[in-house]
Structures are given as C-alpha cells and as structure tokens.
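What follows is a single structure, written as structure tokens, with notes after it.
The values are calculated or read from the model by the stated rules, or taken from the named source; none is laboratory data. Values in this document were obtained by computation on a predicted structure and should not be read as measured data. Here the Cβ positions follow ideal geometry from the backbone for every residue, glycine too, while neighbour counts run over all protein chains shown.
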Amino acid sequence: MSQGSDVNAGTVGAARKAATVRKSHEPRGLRGLRVAASLILLIVVAAFVAPVRHTILRGLGEVLVVADPVQPADAGAMMESGDGGEIEVSRLYHQGVIPRVLVLAPAPTAVDQEYVKLGVRREDLVLTTLRQLGVPDGAVTRVDAGEGGTTDSTLALVTWVRDHPGRVLVIVSPSHARRYRRALMRVWPDGLPSPRVTVPRHNLFHVEDWWRSRRTRREGLFELQKLVWDYVSHPRPGR
C-alpha cells in the first residue's frame, strides 16, 4: 500500500474515532432530539406514499387529538386563544356543565404596561367575546399564566386548583390536546379529581382532513414534532 493510502486510511480512522467520542459525549437531550426528528421524518415520508396516505394522515391526526367524556365540573379552563374556544366554553356554560370559567392568560408584558401608562385601554378579546356570547363577567376569572405556554399555563392551573379544589374541565385546541393533557397530568396534585380535557367543536383542525389546508398542515406537523419530543423527554406522563 502506498504512503498516500496509509495517510488516507489513518485520517479516516481518526475521523471515525473523533466522531465516536463526540457522540458518546453528546447530551442526552440532543440525542433525543435527533431521534424525534428522525421519527417525524419517517412518518412524513410514509404519509405521502399514495396507497396509504389517507389512512396514515388520519391516524396521525388521531394521535394528536384527544377528548375525554364531558361531565359536569366546578370550573372550565381555557387558554387565551381564539379558534372556537370561546364558543365551546359558552356552550358548556349555558348547558350548566361549568358554572365558572378560568382564562389562562399570559401575564402583562412590559409593552402592555407601557400602554397602561400612556392611558391606552385595549379590550381583552377573550373576555369581550365571552361577554357577547352571554357569559357574564362575574363567571369569568382571569388567571395569570406566565408567558402563556404549555408549561406556564399548566402550572398556573395547578396553583389555582390547589387553592380551589374541585373538578376541572380544560378546553384546548384539538391539535394541542394530547400534549397538553400529558403535561397537565405530570404536575396535577395527588388527591384531587383528575382533570378532563376536551376540544372545541368549531375549529379548523379536523382529524379527517387536517393535511389539506396549509395552515392546519403546518399546525399538525409542528404539534407532531412537539408530541414526539414530549414522549422522548417524558416516557411516563404521570397518573
């Protein structure tokens, strides 16, 4: 073997060894992220194989969407968002399923506070919508939920429930339902009735056709990635 070949072989061997060392020292979270990304890629590729496309995509939608049987609760909770959440909350309120509504809203930001200083009054869209749908202000409680994400809102709801023990029905967007329920169950206090999660009837995300619209397709793929990562990070969601 020539000297050049020996050098090349040595270089390749050194590179492989270095890659092995880097991989062994790779953070567990990063490895999990790689696994999650690979799974999502495989799912998406398989989904576009024509003979099984519809079945697979519908199945993925069913993975995202979960809805517990609706039963009377002491309070209904919703995140601060549109997409039909207010309609569902008002329907449940008028049917007597929930006598009280909790709006898990982001805490005021520095920009919001500046508007207040300048004397600018901006209507709360969720509260205004609920009012127009016949839910009185006295039945609505605004709960500060930090930055308003999944982690902050679940912790905010748990804090409220500890101070007001009771049955809670959470109304959340369909594509976010399973991941939200997993996150909520991980932090839910022992000794209290398990929360129930349901989804709005009037929402753009539907199990049977979520991939046909650019908006819901983007939403679904994003939530699938987040859900896979949630399973990788938390194999056991809790109770």
- Among the residues listed as L204, L102, the single one being in contact with a Gly (Cβ under 9 Å, 6 or more places away or on another chain) and part of a loop (DSSP other than H, G, I, E, B): L204
- Task: Test each condition in (1) touching a residue at least 24 places away in the same chain (Cβ under 8 Å); (2) in a helix (DSSP H, G or I); (3) farther than 25 Å from R58 by Cβ; (4) not aromatic (F, W, Y) for D230 and report the one that comes out false.
- Result: (3)
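Being over 18 Å from P195 (Cβ atoms) and in contact with a Phe, Trp or Tyr (Cβ under 8 Å, 6 or more places away or on another chain) is true for just one of V111, V126, V135. Which residue is that? Steps first, please.
On the way: V111 fails: in contact with a Phe, Trp or Tyr (Cβ under 8 Å, 6 or more places away or on another chain); V126 fails: in contact with a Phe, Trp or Tyr (Cβ under 8 Å, 6 or more places away or on another chain).
Every option except V135 fails the conditions.
For the range 161-175, which residues satisfy the criterion of being out of contact with any Lys or Arg (no Cβ under 6 Å at 6 or more places or on another chain), outside any loop (DSSP other than H, G, I, E, B) and in contact (Cβ under 8 Å) with a residue 60 or more places away in the chain?
Step one: filter the range 161-175 for residues out of contact with any Lys or Arg (no Cβ under 6 Å at 6 or more places or on another chain), giving 161-168, 170-175.
Narrowing the set further to residues that are outside any loop (DSSP other than H, G, I, E, B) leaves 161-163, 168, 170-171, 174-175.
Hits for the range 161-175 are V168, V170, I171, P174, S175.
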- Message: Going residue by residue through the range 114-122, is there one that turns out to be modelled with pLDDT under 95 and surrounded by 15 or more Cβ atoms within 10 Å (Cβ to Cβ)?
- Response: no
- Message: One residue is enough: does the range 138-146 have a residue meeting the conditions within 28 Å of W229 (Cα to Cα) and in contact with an Asp or Glu (Cβ under 6 Å, 6 or more places away or on another chain)?
- Response: yes
- Checked the range 182-194 for anything without any contact (Cβ under 8 Å) to a residue 40 or more places away in the chain and either within 21 Å of E86 (Cα to Cα) or surrounded by 15 or more Cβ atoms within 10 Å (Cβ to Cβ) (or both); matches are L184
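Would you check which residues across the range 196-210 are buried (at least 20 other Cβ atoms within 10 Å of the Cβ) and farther than 20 Å from M79 by Cα and list them? Give the derivation first.
Taking the range 196-210 first, the residues buried (at least 20 other Cβ atoms within 10 Å of the Cβ) are 197-200, 205, 210.
Answer for the range 196-210, where residues must be buried (at least 20 other Cβ atoms within 10 Å of the Cβ) and farther than 20 Å from M79 by Cα: just W210.
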- Query: Which one of these is within 15 Å of the chain's Cα centre (by Cα) and hydrophobic (A, V, I, L, M, F, W, C): V172, V168, V116, V161?
  - Reply: V172
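Please verify whether the range 141-156 includes one or more residues that are basic (K, R) and in a helix (DSSP H, G or I). Before the answer, list the steps.
From the range 141-156, those basic (K, R) are 142; that's our starting set.
Within this subset, residues satisfying the condition of being in a helix (DSSP H, G or I) are none.
No, that holds for no residue.
Report whether or not R218 is without any contact (Cβ under 8 Å) to a residue 12 or more places away in the chain and over 21 Å from P99 (Cβ atoms).
Numbers: without any contact (Cβ under 8 Å) to a residue 12 or more places away in the chain: yes; over 21 Å from P99 (Cβ atoms): yes.
Here the answer is yes, as R218 does meet what is asked.
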- Message: Step by step: first the residues of the range 59-75, then only those that are surrounded by 15 or more Cβ atoms within 10 Å (Cβ to Cβ) and either of a type in the set (D, E) or over 18 Å from the mean Cα position of the chain (by Cα) (or both), then the one that is farthest from R178 (Cα to Cα). Which residue is that?
- Response: D74
- Verdict on A156 being at pLDDT below 95 and surrounded by 16 or more Cβ atoms within 10 Å (Cβ to Cβ): no
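Identify, from the list L42, L60, L104, the residue that is modelled with pLDDT of 65 or more and in the same structural domain as S233 (by TED's automatic domain parsing). Walk me through how you get there before you give the answer.
On the way: L42 fails: modelled with pLDDT of 65 or more; L104 fails: in the same structural domain as S233 (by TED's automatic domain parsing).
L60 is the lone residue from the list that is modelled with pLDDT of 65 or more and in the same structural domain as S233 (by TED's automatic domain parsing).
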